[in-house]
Amino acid sequence: MVAPIGGGGAPGDERLRFKDFEFQRLASGRCRAKVVLASSDGREFSGESEGIISQAGELRCGAAATVRALERVVQPKLGFELLGVKAVRAFDATVVIVSLSARQEARASRLVGAYLTETDAPRGAALAVLNATNRILGNFFATR
């Protein structure tokens, strides 16, 4: 699955792609997620997170790893904070919804993203973060 982030698709646009997602449930009762995002020029940005094995903990782990990868791309000009993540049943499927705060200079805005998934909710949480940040990252790349 590829999740483009960025402008209108013109040649030379900076884009991030969802390259890799790894999720492990550890014997210690914890989980670990790793996300790799790749830019159009070949650079890779990874983020990792650990959490507790539970539905909510696994969702937060996947989402937080994506937030950490994104921050490697945009810091110090832009920062994100994961406010919440939840999976709900809707339309005979599972929808993962995330809420984020984006900070740019002295202002903050609230972002919401969703991803429809059936089999891999932690990965769905990672992709929901990308869906939430799509527009703001497109603006970020356009003004760089």
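Points to keep in mind about this one:
- Only listed residue being within 16 Å of the chain's Cα centre (by Cα) and at pLDDT below 95, chosen from Val67, Val98, Val73: Val73
- Residues satisfying the stated conditions in the stretch 86-134, i.e. over 29 Å from Arg25 (Cα atoms) and assigned to a loop (DSSP other than H, G, I, E, B): Glu105, Ala106
- Annotation: of all residues in the stretch 35-49 being hydroxyl-bearing (Ser, Thr, Tyr) and modelled with pLDDT under 95, the one that is surrounded by the fewest Cβ atoms within 10 Å (Cβ to Cβ) is Ser40.
- From the list Leu137, Leu83, the lone residue that is assigned to a strand (DSSP E or B), over 21 Å from Glu22 (Cβ atoms) and in contact (Cβ under 8 Å) with a residue 24 or more places away in the chain is Leu83.
- Members of the stretch 102-131 that are hydrophobic (A, V, I, L, M, F, W, C), under 14 Å from Leu78 (Cβ atoms) and exposed (fewer than 14 other Cβ atoms within 10 Å of the Cβ): Ala106, Ala108
- Number of residues in the stretch 19-49 that are assigned to a strand (DSSP E or B), farther than 19 Å from Ala63 by Cβ and of a type outside the set (Gly, Ala, Ser): the value is 1.
- Single residue of the stretch 50-77 satisfying the filter (among the polar types (S, T, N, Q) and outside any helix (DSSP H, G or I)) that is surrounded by the fewest Cβ atoms within 10 Å (Cβ to Cβ): Gln75
- Test set (1) of a type outside the set (Val, Ile, Thr); (2) surrounded by fewer than 23 Cβ atoms within 10 Å (Cβ to Cβ); (3) touching a residue at least 40 places away in the same chain (Cβ under 8 Å) - Arg32 fails condition number: (3)
The values are calculated or read from the model by the stated rules, or taken from the named source; none is laboratory data. These figures come from a predicted structure and were not determined experimentally. Reconstructed Cβ throughout: ideal geometry from the backbone, glycine too, with neighbour counts over all protein chains shown.
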